[in-house]
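The values are calculated or read from the model by the stated rules, or taken from the named source; none is laboratory data. None of these values were measured; they are calculated from a predicted model. No Cβ is skipped: glycine too gets one built from the backbone with ideal geometry, and neighbour counts run over all protein chains shown. What goes into the accessible areas is simple: the full protein's heavy atoms, side chains included, and nothing from ligands, DNA or RNA. Shrake-Rupley method; radii C 1.70, N 1.55, O 1.52, S 1.80 Å.
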Amino acid sequence: MQRITVQTTPIEGQKPGTSGLRKKTHVFMQPHFLENFIQSIWVGIGGVEGKTLVLGGDGRYFNDRAAQVILRMAAASGAKKMIVGQNALLSTPAASNLIRIRKTDGGIIMSASHNPGGPKEDFGVKFNTANGGPTPEELTNRIFEASKSVTAYDIVETQDIDLSQLGTTELAGMEVEIVDPVADYAALMQSLFDFGAIRDLLASGFRLRFDAMHAVTGPYAKAILEETLGAPEGSVVNAVPSPDFGGGHPDPNPIWAKELMDVVFGEGAPDFGAASDGDGDRNMIVGRNIYVTPSDSLAVLAANAHLAPGYSDGLKGVARSMPTSRELDRVAAAKGLDCFETPTGWKFFGNLLDAGRVSLCGEESAGTGSDHVREKDGLWAVLLWLNILAVKRQPVASIMTAHWEQYGRNYYSRHDYEGVDSDKANALVDALRGKLIHLPGQDFSGLTVESADEFAYDDPVDGSRSENQGIRIGFTGGARIVFRLSGTGTVGATLRVYLEDVETDPSKMHRDAQETLANVIAAADEIAGIEAYTGRTAPDVKT
Ligand code: G16
């Protein structure tokens, strides 16, 4: 076993996006790419010497190789200990939990989340800090700066560690503890929810189907839903994590989780369906014959969280990312709760959660979570839904109708234009920015602009300011359009157009979202010239 120093030169393009560094797998596998980025993390966090970190990933292609490299680099740079999920697996929320309960200095999660995996698809690495949450912007910038001047890294030359065996071993003086990825997380879930009530619900004939999409949540869902809560075997499908997610796209939405949608909208449908993504932090909720949008789900969970033991004292406050629908705001107002609007990216919830200002937050991008960890949490959202259903004993569709009648419904959709030429996408945003001050008072497709600005966020806890976080256009009557470029894609630019309109008339609560939003959709193109700039006549994905 030998510790060596490898000379390297900076590699362009190591700027982390919305959630860590995501690239094509072959880019991550090119010589020094992963090593340079890990070395930049060491520099960014002030060195890894004497520190204890958690390590795990979603099991995608290259996960196992990357884990060995990271362990050898940590050992060579003097880390005290690495706590690693068995077979290098850990869901993102489980990693966040381990960082917190073991009081480590942070952790490294190998995942490109909902992006497909495999040699031709995506890989990613993110660092989470000691609170269990994603790196704040300031640390992200330090890591990026370090990547621009890295000249060498230390690594131990040795055999692979057998990560399939639970227990403690040693690597060049560094302790390596290999842990069951599920156990601590399952115990945390049991502490938050009424497992007895959920067990009774499932024993009463209520049927659920959970689609793990061949990704990391499979073992967690099997252990919790089937083995602990008594859902019949086979309720959890696609439960074995595979390096290419079974050739699928592990993004829990009606398009990529079509198999689940077909079952829950088909004959003899189960009462409840759910899915999670590559690394287990996103969720999709679907009831028999009704799809629940992430924004609706967030509002329902905020309205009913007190029904679960972990939240029975009520919520401290709530938060949503700016593009998420404002249905949550009305729930918060009705309950007298503070409601914060943050930029896209779970990292922006961290300070609010740490300061005890909020205890539930969520995003339109299928993420919901609470102060139990510092990441969004797919299975947690599913269990909170099940806890609510166990108390209410009503179909999902009835819960939605009652919710909309009480709080109003925000019809909502996101249109994504993927793989757009970056220059064209930036030109569209620049042009939009340039005309913002002239928009108020103008009419587009029958809607009158009331407000138009570019969102900037002043963190109420640490005072930091984040600018250029999306362009938002509000209309009289409550409709809104938000334009922003995604920070998680790996090819070209993805233009996201978020569309919503509020409806408070109970007789109009069950319409088709695309049809209801037709004038908002038309206004978006009229204002931004989407077709003119991108050449696209329709979005690639509508959620
Ligand atoms: C990440 C972030 C989320 C964000 C989402 C989409 O999720 O953690 O906060 O909402 O990306 O970001 P963008 O619109 O920039 O693509 P995940 O599940 O991919 O880690």
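Here's the yes/no breakdown for (1) away from the ligand (no atom under 16 Å from the Cβ); (2) over 30 Å from Gln514 (Cα atoms); (3) assigned by TED's automatic domain parsing to the domain that holds Gly478; (4) modelled with pLDDT under 95:
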| site | (1), (2), (3), (4) |
| --- | --- |
| Met284 | no, no, no, no |
| Ala299 | yes, no, no, no |
| Pro309 | yes, yes, no, no |
| Met322 | no, no, no, no |
| Leu328 | no, no, no, no |
| Gly367 | no, no, no, no |
| Asp377 | no, no, no, no |
| Ala381 | no, no, no, no |
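Quick check on Leu337: is it more than 16 Å from the ligand (Cβ to nearest atom) and either free of Cβ contacts under 8 Å to residues at least 40 places away in the same chain or open to solvent by 20 Å² or more (accessible area, probe 1.4 Å) (or both)? Lay out the reasoning, then the answer.
Values: more than 16 Å from the ligand (Cβ to nearest atom): yes; either free of Cβ contacts under 8 Å to residues at least 40 places away in the same chain or open to solvent by 20 Å² or more (accessible area, probe 1.4 Å) (or both): yes.
Yes.
Here the helices (runs of 4 or more DSSP H) wholly within segment 39-147 that include at least 2 residues being crowded, with 24+ Cβ neighbours inside 10 Å and not assigned by TED's automatic domain parsing to the domain that holds Ser365 are 63-76, 92-101.
From the set of residues in segment 500-543 that are more than 29 Å from Ala427 (Cβ to Cβ) and of a type in the set (Lys, Arg), which is nearest to the chain's Cα centre (by Cα)? My answer is Arg511.
For segment 446-459: of the residues being of a type in the set (Gly, Ala, Ser) and at pLDDT 95 or above, which is most open to solvent (accessible area, probe 1.4 Å)? My answer is Ser451.
The residue that is farthest from Gln2 (Cα to Cα), among those in segment 148-160 that are open to solvent by 40 Å² or more (accessible area, probe 1.4 Å) and among the β-branched types (Val, Ile, Thr), is Thr151. If only residues of segment 2-23 that are part of a strand (DSSP E or B) and within 16 Å of the ligand (Cβ to nearest atom) are counted, the one that is nearest to Arg484 (Cα to Cα) is Gly17. Evaluation of Asp313 against the conditions (1) among the charged types (D, E, K, R); (2) in contact (Cβ under 8 Å) with a residue 24 or more places away in the chain; (3) surrounded by fewer than 24 Cβ atoms within 10 Å (Cβ to Cβ) shows that the sole unmet condition is (2). Checked against the criteria, Leu163 does not count as within 16 Å of the ligand (Cβ to nearest atom) and surrounded by fewer than 22 Cβ atoms within 10 Å (Cβ to Cβ).
Based on this model, can you work out whether Leu188 counts as assigned to a helix (DSSP H, G or I) and touching a strand residue (DSSP E or B) at 6+ places or on another chain (Cβ under 8 Å)? Spelling it out, it is not the case that Leu188 is assigned to a helix (DSSP H, G or I) and touching a strand residue (DSSP E or B) at 6+ places or on another chain (Cβ under 8 Å).
For segment 381-410, a residue qualifies if it is touching a Ser or Thr at 6+ places or on another chain (Cβ under 7 Å) and of a type in the set (A, V, I, L, M, F, W, C), and exactly one does: Ala381. Scanning segment 418-443 for residues that are touching a residue at least 40 places away in the same chain (Cβ under 8 Å), part of a helix (DSSP H, G or I) and among the aliphatic types (A, V, I, L, M) returns Ala425, Ala427, Leu428, Val429, Ala431, Leu432.
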